[in-house]
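Novice: Questions regarding the structure given below will be posed in turn.
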Ligand SMILES: C[S@@+](CC[C@H](N)C(=O)[O-])C[C@H]1O[C@@H](n2cnc3c(N)ncnc32)[C@H](O)[C@@H]1O
């Protein structure tokens, strides 16, 4: 990549955006005649020349970027299709939402997950929608009474998570409740600091990472990284303090840590041991 020019892959734009000196200056088209820039801000010829020189320097990387973008587009179209189906569901079936359910679908909930990639599966009591929440929840404002999310938020970057929390706040009705259950990074960090190899090994064994970790790289740092980043699918560390602040910034109130509750949280010993839970209310 050039020093000043970068390409931004954003599924909303359908074309890579061109960032120059931290400003989105337009979009990139590749045609049979070469590259074309669709400018969204007026630029002097000097800056344009600089950008074209940068783009030429990164020419080899551009096809791969377009390929990556192409892979994201079907997801966007699927999102549009699934969103239309969700919009057509009766309001009563969208009052309880579970985000990032995986296979743990809850009866009486609208369960949402990017996985499995099989579209919506609807029955009388349980709805599963295959949806990427980063593209927004296709739900009306103030339409849900309860949103539940377990071990999901940490799979988003900080910016994605903040947008997602604001989106949850939007769809909850006044007095509606959010419950989140997340990995207890604080506990893991303390075990790391205490050189608690047994705990770290047990966690890694559970997630079956140990098997493919090279024997010489099963040290505290390796075990900590594997566990805490869960094979690099985790993108942000939340603890009670930073999550409370993020929720408050979205307008949530009565934010407090809540005890693990197996009537809603998974009744699995490992989860009980390694999670913390937070609840928050949308103000009246
Ligand atoms: C660690 S699993 C947790 C599954 C279940 N909630 C539990 O507590 O065991 C995280 C889930 O979040 C889903 N997920 C991650 N990013 C997502 C996104 N952007 N939109 C919807 N689901 C997402 C993943 O597909 C995965 O099923």
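The values are calculated or read from the model by the stated rules, or taken from the named source; none is laboratory data. As the structure is a prediction and not an experimental result, all values here were calculated from the model. Please note: Cβ atoms are built from the backbone with ideal geometry, for glycine as well, and neighbour counts cover all protein chains shown.
Novice: For the subset of the range 76-109 comprising residues that are under 14 Å from residue 127 (Cβ atoms) and within 17 Å of the chain's Cα centre (by Cα), which member is surrounded by the most Cβ atoms within 10 Å (Cβ to Cβ)?
Specialist: Residue satisfying both the conditions and the ranking: 97.
Novice: List pairs: first in the range 129-144 and under 12 Å from residue 113 (Cα atoms), second assigned to a loop (DSSP other than H, G, I, E, B) and near the ligand (Cβ under 9 Å from one of its atoms), Cβ under 6 Å, 6+ apart or cross-chain?
Specialist: 132/114
Novice: Let me ask something additional. Filter the range 229-271 down to the residues that are over 22 Å from the mean Cα position of the chain (by Cα) and in contact (Cβ under 8 Å) with a residue 60 or more places away in the chain and list them by number.
Specialist: Listed by number, the residues that qualify are 258, 260, 270.
Novice: Being within 10 Å of the ligand (Cβ to nearest atom) and in contact with a helix residue (DSSP H, G or I) (Cβ under 8 Å, 6 or more places away or on another chain) is the filter; apply it to the range 84-113 and report the residue that is modelled with the highest pLDDT.
Specialist: Ranking the qualifying residues of the range 84-113, first place goes to 99.
Novice: What single numbered condition from (1) in contact with a helix residue (DSSP H, G or I) (Cβ under 6 Å, 6 or more places away or on another chain); (2) surrounded by fewer than 17 Cβ atoms within 10 Å (Cβ to Cβ); (3) touching a residue at least 24 places away in the same chain (Cβ under 8 Å) fails to hold for residue 175?
Specialist: Every condition holds for residue 175 apart from (1).
Novice: Residue 73 versus (1) assigned to a strand (DSSP E or B); (2) within 14 Å of residue 135 (Cα to Cα): which is the lone unmet condition?
Specialist: Here residue 73 meets the rest and fails (1).
Novice: Continuing with the same structure: Only one residue in 57, 81 is more than 14 Å from the ligand (Cβ to nearest atom), farther than 19 Å from residue 140 by Cα and outside the structural domain of residue 180 (by TED's automatic domain parsing), so which one is that? Write out each step before concluding.
Specialist: On the way: 81 fails: farther than 19 Å from residue 140 by Cα.
Result of the check over 57, 81: 57.
Novice: Sticking with this structure for a sec: Would you please name the residue that is farthest from the ligand (Cβ to nearest atom), looking only at residues in the range 239-258 that are assigned to a loop (DSSP other than H, G, I, E, B) and within 22 Å of residue 172 (Cα to Cα)? Steps first, answer last, please.
Specialist: Applying the first criterion (assigned to a loop (DSSP other than H, G, I, E, B)) to the range 239-258 yields 239, 250-251.
Okay, now just the ones that are also within 22 Å of residue 172 (Cα to Cα), so 250-251.
On the way: 250: 17, 251: 22 Å.
Only one residue tops the list, namely 251.
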